[in-house]
Every structure is written in structure tokens, then in C-alpha cells.
1. Is there a residue being at pLDDT 70 or above, outside any loop (DSSP other than H, G, I, E, B), more than 18 Å from the chain's Cα centre (by Cα) and surrounded by fewer than 12 Cβ atoms within 10 Å (Cβ to Cβ) anywhere in the range 64-74?
2. From (1) touching a Ser or Thr at 6+ places or on another chain (Cβ under 8 Å); (2) under 26 Å from E26 (Cα atoms), pick out the condition that doesn't hold for D67.
3. Considering only residues that are within 11 Å of Y58 (Cβ to Cβ) and in a loop (DSSP other than H, G, I, E, B), which ones fall in the range 1-14?
4. I105 versus (1) modelled with pLDDT under 85; (2) more than 21 Å from the chain's Cα centre (by Cα): which is the lone unmet condition?
Amino acid sequence: MLGRYFARFDESPTEKINIGGNYYKEYWGEGSNRARNWQRYDLGGDKKLSFEEGVDSYVPYAGSLKDNVGMTLSKVKSTMCNCGALSIPELQEKAVLTLVSATSIVEGGAHDVIQKNKAGVIK
């Protein structure tokens, strides 16, 4: 389930493209029309898969995998710390998944402020 994660990096086989001044990489989900392999999704007869389950889209470009693995591991470690877990088995035991609304996600992030980027320029 890490296809979208890996699709963002230089190491993925797709081209980097510029859309509106931002760079993206192509991404297609496992169940998309583009990724379908009828032998893999064989339903045991003449029936064909009649609906698309994945997307064919673009994901924001993120550079090289090597340059990003450290940040990803830091995020995992931070999540573990927030759960009070020192190991992956302990995280699996202690973690609680909570369903939140889209509004909760917005309210939980930076809002009602003008954000600056790392260079101090207003976004």
C-alpha cells in the first residue's frame, strides 16, 4: 500500500512533469484501468471486471528517495512517541485509529494565519 509514496520519487519509472509551476510524477492505483492485468483479476470465466477501483493521476514530486527516507522515519518515530511506543510491536498494541472529519483535519492544522515558507516568503 505504498505505491503513492514511492511514485513521488526520482526512482519511480515515470517522468517528472511541470503543471502550473509545480512538479509532479504520474501515479496510477492498483485497480485503475491503466494498471489492470486481466490475468491477475481473473474471475474464473468470461466475466470481466466491470468497474475501476483505482485512480490514474499525479502526485507531488519529492526528489530522491534517499533524501526523503530520513524524514519518513522521523515521522514514524514521532508517531510512535505520541502513542507511547518504543517498538513496532508496542505501536501495534497501543495505537488507536480514530475516524476524523475533513473539518477536523483542517482545524488541526495551521489556519487563520498567513504561512511563510522556509525562506521567510509568504505562501
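1. No, the conditions are met nowhere in the range 64-74.
2. (1) is the only condition that D67 fails.
3. Matches in the range 1-14: R8, T14.
4. (2)
The values are calculated or read from the model by the stated rules, or taken from the named source; none is laboratory data. Treat the numbers as computed from the prediction; the structure is a model and nothing was measured. Positions of Cβ are generated from backbone atoms using ideal geometry, with glycine treated the same way; all protein chains shown enter the neighbour counts.
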